[in-house]
Amino acid sequence: MTTVTKIDQIETLILDIPTIRGHVLSMATMRTQTAVLVTIRFSDGSTGVGEGTTIGGLSYGAESPESIQSAIDTYIAPALIGRDADDVNGAIQLIDKLVKANRIAKTAVEIALWDGLGKRLGVPVSQLFGGAVHDRLPVAWTLASGNSDTDIAEALEMIEIRRHNIFKLKIGKRSVRDDVAHVARIKAAVGDAASVRVDVNTAWSLQDARWGLKGLQDAGCELVEQPIPARDRAGMAELARDYEIAVMADEALNGPEDALEVATARAADVFAVKIGQSGGLKRASEVIAIGQAAGLGLYGGTMLETALSTAAALQLFATVDHLAWGTELFGPLLLTDEILTQPITYRDFCVEIPKGVGIGATLDPDKIAFYRRDTARITRAIAGE
Ligand code: MUC
Ligand code: MG
């Protein structure tokens, strides 16, 4: 008789880890990154870990670290306790029925379920998505110190040590004219040794964007990410149609339904695929499929997650045949400390796909104890139920 492995216990806790420097975005300056860590214990003794992370509290999107933790503890975990651990699709469908939106919270739990399943089967999560076709992927670095000279020095050092030759510049805080001048200075400094792109994080009006895109493409910038608000699909479509510079959708892409609408409206040339924003690895794979079917470029995006979710994202992106714009899965490098016993490897302008079973990440318990906020909550099966 085969016994079914069950979901026994789900624990959440919040980690606050300082960043190596201020990370200046149009809507917030980050000095700490906050991650919600989920640990699921299964009835056969196996465990799975996952992470849900956003950027800048509530300044980026509708979920905060505290709301992610609360959504999991109050609504998701109680529904999963006692269920078949291997039935990940069943869990995803149930959670989608019980909980609207809250994609990052769903992602954290789903990663832990995939991680547990991979560990029980003795395979990496990439294999659960059909198998890895890459062992490394190109990885961008974000220049966002808030100062052009510091950004140039940082870029030149990254090229020199062969860590990054793709740079995403965070703009949108200053005037369009000043931003374009800043980008032009950095592009002139790195020349052909690097690809320069920008992320406006929705800060521009459509009129700003018309000026901005013209200036950016004249400066040699290759791509602009989410220049205008996410809901303005017609504006994004105009920009994608009227300028040579590639237009990437980020905040506009919250799961496969958005992906279909953006693709149908031709409101982007490129999808920034984020596992958290998509609602998990499965939904992210659907966003990827829609982008591929529409002939759009793909980019492996990040919510500046720790190495845990970065490893999970790498498991999925390793299975995608062509990521025309590479990835930006550098989150662990922005933090002052590692939380895995075996850090993710960055070298030769690439990030390596972690080896090992599950998502390929083992947490360092001392680091978790050090960075945890005092908010751990446990939902568990009651004896006899
Ligand atoms: C974003 O909006 O894309 C990704 C890299 C980075 O520096 O910030 C993020 C968020
Ligand atoms: Mg972005």
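Here, each number is a calculation from the coordinates, and none is a lab measurement. What you see is a predicted model; the values in this text were computed from it and never measured. Here the Cβ positions follow ideal geometry from the backbone for every residue, glycine too, while neighbour counts run over all protein chains shown.
Brief remarks on what is shown
- Chain lengthening between V133 and E261 when straightened (0.36 nm per residue, less Cα-Cα): 43.2 nm
- Farthest toward positive dipole pole in the chain [+1 Lys/Arg, -1 Asp/Glu at C-beta], among A193, Q9, V273: Q9
- With respect to the chain, whose longest principal axis is taken over its alpha-carbon atoms, helix 176-190 is tilted by about 90°.
- Neighbour net charge for V4 - beta-carbon separation under 14 angstrom, K R +1, D E -1: -2
- Rounded to the nearest 5, the antiparallel percentage of DSSP beta bridges internal to the chain is 60%.
- If you plug the beta carbon distance of R373 and K214 into 1/(1 + (r/R0)^6) with R0 = 45 Å, you get a FRET efficiency near 0.50.
- Nearest-ten-degree value, helix 281-293 long axis tilted from longest Cα axis of the chain: 40
- Distance between modelled label sites at V357 and I161, nm, 7 Å Cα→Cβ extension: 3.5
- Cα-centre dipole for segment 249-385 with unit charges at Cβ (Lys and Arg positive, Asp and Glu negative), debye to 20: 340
- Computed FRET value (nearest 0.05) for I382 with A294, which takes r as the C-beta separation and R₀ as 56 Å: 0.70
- Cα-centre dipole for segment 127-352 with unit charges at Cβ (Lys and Arg positive, Asp and Glu negative), debye to 20: 220
- Sorted by Cβ density within 10 Å, fewest first, the residues K170, K274: K170, K274
- Using a Förster distance of 30 Å, the FRET efficiency for Q342-A62 (Cβ separation, nearest 0.05): 0.30
- Trypsin sites (Lys or Arg not before Pro) restricted to DSSP loop in segment 309-385 with at most 15 other C-beta within 10 Å: K355, R373
- Computed over the chain, the per-residue total of -39500 (n - 2.57) for DSSP H runs of n ≥ 4 gives a 222 nm mean residue ellipticity of -10500 deg cm²/dmol, rounded to 500.
- Selection from N89, G52, A71, by position along the positive dipole direction of segment 50-100 (Cβ): A71
- Separation of segment 1-64 from segment 345-385 is 9 Å, based on Cα centroids.
- Here is the list for segment 1-101: trypsin sites (Lys or Arg not before Pro) lying in DSSP coil, each with at most 11 other C-beta atoms within 10 angstrom of its C-beta, are K100.
- Sorting 45-57, 107-119 by their mean Cβ neighbour count within 10 Å, with the most densely packed peptide first, gives 107-119, 45-57.
- Here's the picture: charge each Lys and Arg Cβ at +1 and each Asp and Glu Cβ at -1 in segment 71-227, and of P138, L113, I161 the one pushed furthest to the positive end of that dipole is L113.
- The chain, dipole about Cα centre (Lys/Arg Cβ +1, Asp/Glu Cβ -1), debye to the nearest 20: 240
- Members of K119/K355; K170/K367; K187/K214; K6/K106; K6/K274; K282/K355 lying beyond 24 Å, as alpha-carbon distances in this model show: K170/K367; K6/K274
- Considering only A35, A193, A144, the Gaussian network model of the chain with Cα springs below 10 Å gives its largest mean-square fluctuation to A193.
- Fully extending the segment from S175 to D192 would add 3.5 nm, taking 0.36 nm per residue of separation and subtracting the current Cα-Cα distance.
- Sequence-separation-based contact order of the chain, relative, with Cα cut under 8 Å and 6+ spacing, percent: 22
- Folded to 0 to 90 degrees: helix 233-242 orientation relative to the chain principal axis, Cα: 50
- Under a Gaussian network description of the chain, with springs only between Cα atoms under 10 Å, the residue in A307, A28, A155 that fluctuates furthest is A28.
- Potential extension, D84-K100 segment - 0.36 nm per residue separation minus Cα distance: 3.5 nm
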